[in-house]
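Working notes for the structure below.
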Amino acid sequence: MMIDLFTLGFLQRALVAGILVSLLCGMLSTFVVLRRMAFIGVGISHSAFGGVALGFLLGVDPLWTGIGFALLVAVLIEWAQTHTAVEEDTAIGIFFAASMALGLIFLHLSRAYNVDVFGFLFGNILAIGTQQLWQILGVTVVVLAVILAFFKEIVFLSFDEEMAWVSGVPVKALRYLFLILLALVVIVTIYLVGIILVSALLVIPGAIAQNLSRTLKHMVGVSAGVAVGAAVSGLILSYGIDFPSGATIVLVLAALYLLTSLLRPWLLCKSQHQ
Amino acid sequence: MGGIAVKLDRVWVNYNGATILEDVNLEIEAGRYVGILGPNGAGKSTLLKVILGLIHPNRGQVRVFGEAPEKLRLRGDVVGYLPQRPLGNPRFPVTVLDVVLMGRYGRIGLLKRPRRADRELARQRLEDLGIPHLAQRLIGDLSGGEQQRVFIARALGVEPRLLVLDEPTVSLDACVQDDIFELVNTLKEKLHLTVLIVSHDIGTVARHVDDVICINRRIHVHQPPPIGRLGLESTFGCAVEYLFHGEIPHRVVRAHDD
């Protein structure tokens, strides 16, 4: 089995894609947790369904329509929150329900029940081709570069947006930028675990890291490490016992979260006395 | 020093149909220690946010050291700010030194990292506030009074000319409140600051500041009469009672020393 994993092309691609995507999710997850944006992750990922279905209807690569939809909804959520009286979670609730409903209408119109809708909803990492791998690589480079470039400002505005604004940090631009990064990462994560489970990868690694870390850099590292570890072990495990890979990865993460939460008092106490 | 630090000219702010600030005219000279007093919902924080540029007034003009606050902030080296609730997430994993360094980010600019000089200045600010020993502690692990000192250190990390503190002493006990006001006074002299401090505690404010701005939609500027602190406190206390409960509209009155 282990030999298969390293010799079969589709498994190699799945492994590389899984590592890159989970690395990105892990890094963003830190900020998603600290900025309490878990619901935005859910909102953006589910909105992508509308875009994916539009792709089926128009006969274009669902990746591009999915990205378009996710970006549009991400920007609309931010815009609605700053320009109208609506609360952020209400805005998310409305936009993601509306775009999922649109998705169902698009699917109905396209009569495309034979296409791999199930794969988009629940992930089908073994179907990742060379083209998708390049897309994932592209997103990885862009997202990592932006995070590294603006790391200190992203931390500052996550910590205290008002003071960041007063200090001259371009808060508004960075908020939109972060949502755009989130939308890009959500789309490539759909390959790994599917629309329904994307938010797990954006929330659980950060939550685990918060249980284990005392400094921010440590938290980012632990979150990325945990996400990659869970993705790789989840993939191997799912291949070995013939379970759906996306669900297995998410369950590995959930189990780790439970474990670290139970051990947290003991772990932090120990690190404090070092 | 000299010069005008803050100038508001016929400023109106409406929010959801209600008038929060009504025709506010105000001049604050550079180098003053100014307390802003008023009951809950009187517009104290709104006034500060207008001065900081966080809220754009519906009418009127705001100038801080002669510039519009939205432009001034981009320089990142003029205004130090302590928000009312600076610690939104108590589990945010940053050390005290990291928090104070954030005050430097505006000066450091995008795409650059803090240098040794920035770290030294941050440590100096912790010394100034009497908490150098807390540098490596997590912000969420500190007491309320210690946290406020850290956030004042961060505001001073900007090396500002104007220090703006929104309710720095809320939820602190009386002794610590006095310490904070006294500390700010010392630092104001040392660093040649103009200080704006919002509070709802009349007694503490009156003991420490040069000027008092009373606000309840409109504003009323009191300047201290040349009598002792006790005299100031009692005079001021009456005036404030009058202002809080009366329906008589107050316009800005200069050298108001009844």
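The values are calculated or read from the model by the stated rules, or taken from the named source; none is laboratory data. Note that the structure is a prediction, hence the values are computed from the model and not measured. So basically every Cβ, Gly included, is an ideal-geometry build from the backbone, and we count neighbours across all protein chains shown.
Note on region B:125-137: residues that are assigned to a loop (DSSP other than H, G, I, E, B) and more than 25 Å from A:VAL220 (Cα to Cα) total 3.
Among the conditions (1) more than 20 Å from A:TRP134 (Cα to Cα); (2) in contact (Cβ under 8 Å) with a residue 12 or more places away in the chain, A:VAL52 misses just one, which is (1).
For region A:67-78, state whether one or more residues are in a helix (DSSP H, G or I), surrounded by fewer than 21 Cβ atoms within 10 Å (Cβ to Cβ) and in contact with a Lys or Arg (Cβ under 7 Å, 6 or more places away or on another chain). Within region A:67-78 (the criterion being in a helix (DSSP H, G or I), surrounded by fewer than 21 Cβ atoms within 10 Å (Cβ to Cβ) and in contact with a Lys or Arg (Cβ under 7 Å, 6 or more places away or on another chain)), the answer is yes, since at least one residue qualifies. Would you mind stating whether B:PRO93 is modelled with pLDDT of 90 or more, in a loop (DSSP other than H, G, I, E, B) and either in contact with a Pro (Cβ under 8 Å, 6 or more places away or on another chain) or facing chain A (nearest Cβ under 10 Å) (or both)? Considered against the rule, which asks whether it is modelled with pLDDT of 90 or more, in a loop (DSSP other than H, G, I, E, B) and either in contact with a Pro (Cβ under 8 Å, 6 or more places away or on another chain) or facing chain A (nearest Cβ under 10 Å) (or both), B:PRO93 comes out as yes. Applying the criterion of being outside any helix (DSSP H, G or I) and buried (at least 20 other Cβ atoms within 10 Å of the Cβ) to the residues of region B:96-124, the residue that is farthest from the other protein chains (Cβ to nearest Cβ) is B:ARG104. Scanning region A:174-193 turns up no residue that is surrounded by fewer than 24 Cβ atoms within 10 Å (Cβ to Cβ) and not in a helix (DSSP H, G or I). When you look at B:LEU54, is it part of a helix (DSSP H, G or I), farther than 13 Å from B:LEU165 by Cβ, at the interface with chain A (Cβ under 10 Å from one of its Cβ atoms) and touching a Phe, Trp or Tyr at 6+ places or on another chain (Cβ under 9 Å), yes or no? It is false that B:LEU54 is part of a helix (DSSP H, G or I), farther than 13 Å from B:LEU165 by Cβ, at the interface with chain A (Cβ under 10 Å from one of its Cβ atoms) and touching a Phe, Trp or Tyr at 6+ places or on another chain (Cβ under 9 Å).
Within region B:129-150, the set of residues being exposed (fewer than 14 other Cβ atoms within 10 Å of the Cβ) and without any contact (Cβ under 8 Å) to a residue 24 or more places away in the chain comprises B:HIS133, B:SER143. I'd like to check something: does region A:213-223 contain any residue that is touching a Gly at 6+ places or on another chain (Cβ under 7 Å) and either within 14 Å of chain B (Cβ to nearest Cβ) or surrounded by fewer than 21 Cβ atoms within 10 Å (Cβ to Cβ) (or both)? Yes, that holds for at least one residue. Taking the residues in region A:125-142 that are among the aliphatic types (A, V, I, L, M) and over 17 Å from A:LEU11 (Cα atoms) as candidates, determine which candidate is surrounded by the most Cβ atoms within 10 Å (Cβ to Cβ). Among those that are among the aliphatic types (A, V, I, L, M) and over 17 Å from A:LEU11 (Cα atoms), it is A:VAL139. Within 17 Å of A:ILE77 (Cα to Cα), more than 14 Å from chain B (Cβ to nearest Cβ), among the aliphatic types (A, V, I, L, M) and touching a Phe, Trp or Tyr at 6+ places or on another chain (Cβ under 7 Å) - does that describe any residue in region A:117-139? No, because not a single residue in region A:117-139 is within 17 Å of A:ILE77 (Cα to Cα), more than 14 Å from chain B (Cβ to nearest Cβ), among the aliphatic types (A, V, I, L, M) and touching a Phe, Trp or Tyr at 6+ places or on another chain (Cβ under 7 Å). I want to confirm something. Restricting to region A:156-173 and keeping residues that are aliphatic (A, V, I, L, M) and surrounded by fewer than 22 Cβ atoms within 10 Å (Cβ to Cβ), which single residue is nearest to A:PRO244 (Cα to Cα)? Filtering first and then ranking leaves A:ALA173. Would you confirm whether any residue within region B:29-42 is free of Cβ contacts under 8 Å to residues at least 24 places away in the same chain and either surrounded by fewer than 24 Cβ atoms within 10 Å (Cβ to Cβ) or more than 30 Å from B:GLY140 (Cβ to Cβ) (or both)? Yes - at least one qualifying residue is present in region B:29-42. Among strands (runs of 3 or more DSSP E) entirely within region B:138-242, having at least 1 residues that are within 30 Å of B:ALA18 (Cα to Cα), among the small types (Gly, Ala, Ser) and at pLDDT below 90 singles out B:194-199.
Filtering region A:170-195 down to residues that are among the hydrophobic types (A, V, I, L, M, F, W, C) and free of Cβ contacts under 8 Å to residues at least 40 places away in the same chain, which residue is farthest from A:VAL33 (Cα to Cα)? It comes out as A:ALA173. Annotation: of all residues in region B:72-87 being more than 7 Å from every other protein chain (Cβ to nearest Cβ) and within 24 Å of B:GLY145 (Cβ to Cβ), the one that is farthest from the chain's Cα centre (by Cα) is B:LEU87. Report yes if some residue within region A:67-85 is over 17 Å from A:ILE180 (Cα atoms) and either of a type outside the set (S, T, N, Q) or in contact with a helix residue (DSSP H, G or I) (Cβ under 7 Å, 6 or more places away or on another chain) (or both); otherwise report no. Within region A:67-85, one or more residues are over 17 Å from A:ILE180 (Cα atoms) and either of a type outside the set (S, T, N, Q) or in contact with a helix residue (DSSP H, G or I) (Cβ under 7 Å, 6 or more places away or on another chain) (or both). B:VAL62 satisfies every condition listed in (1) of a type outside the set (Lys, Arg); (2) on the phi < 0 side of the Ramachandran plot; (3) more than 10 Å from every other protein chain (Cβ to nearest Cβ); (4) under 16 Å from the mean Cα position of the chain (by Cα) except (4).
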